[in-house]
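*Asks:* Can you read through this structure? Questions will come right after.
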Amino acid sequence: MYKKIGLALIAATFLMTGCATATQAPVKTDPTVKAEDMPFDASKINIASLTAPLPRVVKYLEEKNIPSSMLVEYPQVREAIGNGTKQGAKALLLDARPTKSYLVMPGIPASLNVPGTAQDAFDSAYPQIEKVAKDAPIIVHGGGYQCLYGPRLVTFLQAKGFTNVKLYLGSTPEYIQKPDAYKDITVYMARGMFTKNEAVFLDARPYAMFMKETIPGAQYMNDTEFEKLKGRLPVDLKTPIVAFCGGYECAKSHNVAKELKKLGYKNVSTFSGGLPAWKELKLPTTGGAQAEAPKVAVADKFLDGVKLGLDEGTVDGEWYKAAILSGKLPANVAVVDVRTPSEYKSGHLPGAINIEAGELSADAFLAKLPKDKIVVFSCATGGRAMEAWMKLNKAKLAGKALFFDANLKCGADKCDIKVNEPLG
């Protein structure tokens, strides 16, 4: 039913239990982790070299009636990652490792941490996914072919009624070895790499946002200008590189990571939390060194009833947010979401229509926009909305187009909106 391993490997591994990576050392006991899953002495076996589940994992799969038809391989996982964001993924990817491991060890992009360590750990994390449709595609992964976290999470999900669950046994240890794969790291890992000067940080946001504030030492590498900027990249293809942008819903860092892998860079990570997560921990930024400008009263400006923001091309963020949430947006305003159709489908501002800016020329993009309206572009973090406006403005076609500079997290029935500070 499953791939088998040789008797020699069985003899060498039966003294071991649990989940680890090839470089993970034994850790202190975690009360949420079952004894049989505790990380073992990784010196006994090269976990990264495993290509099939250990006997204890095979036994568990058979006991729990998890058929081989539920297993997926790397190509399916790579496809499911989509654009790298959770909203842009083609399946719900769940990382079954303990939260401690998830926070301090690299993982698979677009993944949400729902531990498969024990029932109480799963129950604590379950509210994150309780509203997910029971037939939604889900891919579970854990700590590798020697690990029970993933298989156990499958059983927890099945008990909750989920019917379309797949399991990637190879998980992170196998995934990160693939030539076209890039890792995702949390803010804690990013902080460690920054402090020890262990990586080159690349900011994939638009130039104006980069100039306003970024991580100290980061280089500008906007995804739309990658071909022009790639000459700034390190010569050594083994150099650790961390790409980041405007937060968990921003795909720009993932776009840069994919381009880096195409160029042959071996150690590429995305820091999906990006600058917002960095600032939440009150870590240093270039903006922190800027003296606060004195506040000067500025007369409100309007365009056909729409309040303008302080930055060129922007709608006033707080005014627009209030109008959107109260349902009192003027009738002459068209809300245009410039993201991909899949991202738009996962959640968008009320009344928004989807016109992906992407690779369209300014003329082609303009031709798709509503006529005789004030068009306000939005995305997930403000970056792509700004670029959509800049595309038209550069071609002198902006007309009555504006953009909404804000971080948006929209579900089926509600939007959380955090307006970004003016760039100045």
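*Asks:* I'd like the full set of residues that are in contact (Cβ under 8 Å) with a residue 40 or more places away in the chain and not aliphatic (A, V, I, L, M), limited to the stretch 325-350.
*Replies:* P330, N332, D337, R339, T340, S342, E343, S346, G347, H348, P350
*Asks:* Report, by residue number, each residue of the stretch 199-222 that is aliphatic (A, V, I, L, M), farther than 22 Å from P422 by Cβ and part of a loop (DSSP other than H, G, I, E, B).
*Replies:* First, the residues of the stretch 199-222 that are aliphatic (A, V, I, L, M): 199-200, 202, 204, 208-209, 211, 215, 218, 221.
Filter again for farther than 22 Å from P422 by Cβ, leaving 199-200, 202, 221.
Within the stretch 199-222, A199, M221 meet the criteria.
*Asks:* Continuing with this model, one more query. For the stretch 223-239, how many residues meet the condition of being without any contact (Cβ under 8 Å) to a residue 24 or more places away in the chain and either in a loop (DSSP other than H, G, I, E, B) or not assigned by TED's automatic domain parsing to the domain that holds K262 (or both)?
*Replies:* Keep residues of the stretch 223-239 that are without any contact (Cβ under 8 Å) to a residue 24 or more places away in the chain, which gives 225, 227-229, 231-232, 235-236.
The next check asks that each one be either in a loop (DSSP other than H, G, I, E, B) or not assigned by TED's automatic domain parsing to the domain that holds K262 (or both); those that pass are 235-236.
Of the residues in that region, 2 qualify.
*Asks:* Please go through the stretch 96-140 and pick out each residue that is in contact with a Leu (Cβ under 7 Å, 6 or more places away or on another chain) and closer than 19 Å to A181 by Cα.
*Replies:* Across the stretch 96-140, the qualifying residues are I108, A110, S111, L112, I139, V140.
*Asks:* Check every one of the strands (runs of 3 or more DSSP E) wholly within the stretch 109-197 and list those with 2 or more residues that are at pLDDT 95 or above and touching an Asp or Glu at 6+ places or on another chain (Cβ under 6 Å). Spell out how you get there, then give the answer.
*Replies:* Details: elements: 111-113, 138-141, 165-168, 183-185.
Those strands (runs of 3 or more DSSP E) span 111-113.
*Asks:* Among the helices (runs of 4 or more DSSP H) lying completely within the stretch 326-424, list those that include at least 2 residues that are within 24 Å of the chain's Cα centre (by Cα) and on the phi < 0 side of the Ramachandran plot. Show your work before the answer.
*Replies:* On the way: elements: 341-346, 362-368, 383-394.
Once the helices (runs of 4 or more DSSP H) in the stretch 326-424 are filtered for at least 2 residues that are within 24 Å of the chain's Cα centre (by Cα) and on the phi < 0 side of the Ramachandran plot, what remains is 341-346, 383-394.
*Asks:* Moving on. Report whether or not A110 is surrounded by 23 or more Cβ atoms within 10 Å (Cβ to Cβ), on the phi > 0 side of the Ramachandran plot and assigned by TED's automatic domain parsing to the domain that holds L157.
*Replies:* Against the criterion (surrounded by 23 or more Cβ atoms within 10 Å (Cβ to Cβ), on the phi > 0 side of the Ramachandran plot and assigned by TED's automatic domain parsing to the domain that holds L157), A110 qualifies.
*Asks:* Identify all residues within the stretch 116-144 that are of a type in the set (S, T, Y) and either surrounded by 24 or more Cβ atoms within 10 Å (Cβ to Cβ) or within 21 Å of the chain's Cα centre (by Cα) (or both); write none if there are none. Reasoning before the result, please.
*Replies:* Let us first name the residues in the stretch 116-144 that are of a type in the set (S, T, Y), namely 117, 124, 126.
Answer for the stretch 116-144, where residues must be of a type in the set (S, T, Y) and either surrounded by 24 or more Cβ atoms within 10 Å (Cβ to Cβ) or within 21 Å of the chain's Cα centre (by Cα) (or both): T117, Y126.
*Asks:* Pairs under 8 Å by beta carbon, first residue of a type in the set (F, W, Y) in the stretch 85-102, partner surrounded by fewer than 24 Cβ atoms within 10 Å (Cβ to Cβ), six or more apart or different chains?
*Replies:* Listed by first residue and then by second, the contacts come to Y102/N113; Y102/T186.
*Asks:* Please name all residue pairs, on different chains or six or more residues apart, with Cβ atoms under 7 Å, provided the first residue is in the stretch 160-176 and is within 23 Å of S124 (Cα to Cα) and in the same structural domain as P75 (by TED's automatic domain parsing) and the second residue is outside any helix (DSSP H, G or I) and of a type in the set (D, E, K, R).
*Replies:* Between residues of the stretch 160-176 that are within 23 Å of S124 (Cα to Cα) and in the same structural domain as P75 (by TED's automatic domain parsing) and residues that are outside any helix (DSSP H, G or I) and of a type in the set (D, E, K, R), the close pairs are G161/K134; F162/K134; T163/K134; T163/D135; N164/D135.
*Asks:* Can you name the residue in the stretch 237-247 that is crowded, with 19+ Cβ neighbours inside 10 Å and not hydrophobic (A, V, I, L, M, F, W, C) and, of all such residues, is nearest to G347 (Cα to Cα)? Reasoning before the result, please.
*Replies:* As a first pass, look at the stretch 237-247 and keep what is crowded, with 19+ Cβ neighbours inside 10 Å: 241-247.
Next, from what is left, pick out any that are not hydrophobic (A, V, I, L, M, F, W, C): 246-247.
Values: G246: 18, G247: 16 Å.
By that ranking, first place goes to G247.
*Asks:* I would also like to ask the following. With (1) within 30 Å of G246 (Cβ to Cβ); (2) of a type in the set (S, T, Y); (3) at pLDDT 85 or above as the list, and S68 as the residue in question, which single condition is left unmet?
*Replies:* (1)
The values are calculated or read from the model by the stated rules, or taken from the named source; none is laboratory data. Bear in mind the structure is a predicted one, so any value in this text is a computation, not a measurement. Note: ideal-geometry Cβ built from the backbone for every residue, glycine included; neighbour counts use all protein chains shown.
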